[in-house]
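Participant: Sharing a structure below in structure tokens format, with a few things to ask.
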């Protein structure tokens, strides 16, 4: 049974539903190990190993801006720095193969250490086709305390 307060799903409205479904299919399935659970004219949904679902739906013709009210960005964990470097390369290649004029998003900040967020915070920042800011981060806080 899910724990009270845990996230069940995140639903994102997209500027271009078709492009976003392709982008998130690549990001979530190919790179992060989610599985697609539903697709239809009004929504495509993927489920991660932790049970959290992420869906995309058609939105209006306005690109997202992180400083507007609502979602600033969505961050995913990575188990190693090397995985972030590999993911960055795969995202760049995917964008080159599938996109034109940033239609599949863009890299905002290449993989690097971001000590302002933590002593071993290593991340890559990028956008989806709608301009939603995304991040994949390796955060080493030291030994696990359970």
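Participant: Using the Kirkwood formula over every pair of different C-alpha atoms, what hydrodynamic radius in Å results for region 75-146?
Facilitator: For region 75-146, inverting the mean 1/r across all distinct Cα pairs yields 12.8 Å.
Participant: How big is D, in µm² s⁻¹, for the chain by Stokes-Einstein at 4 °C and 1.567 mPa s if Rh is the Kirkwood radius over C-alpha pairs?
Facilitator: 81 µm²/s
Participant: Then there is this: Below 8 Å, C-alpha to C-alpha, sequence gap of six or more: please give me the relative contact order for the chain in percent.
Facilitator: Once divided by the residue count of the chain, the mean separation gives 23 percent.
Participant: As a test of the formula, what do you get for the chain when each DSSP H run with n ≥ 4 contributes -39,500 (n - 2.57) and the sum is divided by the residue count, at 222 nm and rounded to the nearest 500 deg cm²/dmol?
Facilitator: It comes out at -5500 deg cm²/dmol, rounded to the nearest 500.
Participant: In addition: Please build a GNM for the chain, connecting alpha carbons under 10 Å apart, and tell me which residue among 128, 16, 30 fluctuates the most.
Facilitator: For the chain, modelled as a Gaussian network with Cα springs under 10 Å, the answer is 30.
Here, each number is a calculation from the coordinates, and none is a lab measurement. Just so it is clear, the structure is predicted and the values come from calculations on it, not from any experiment.
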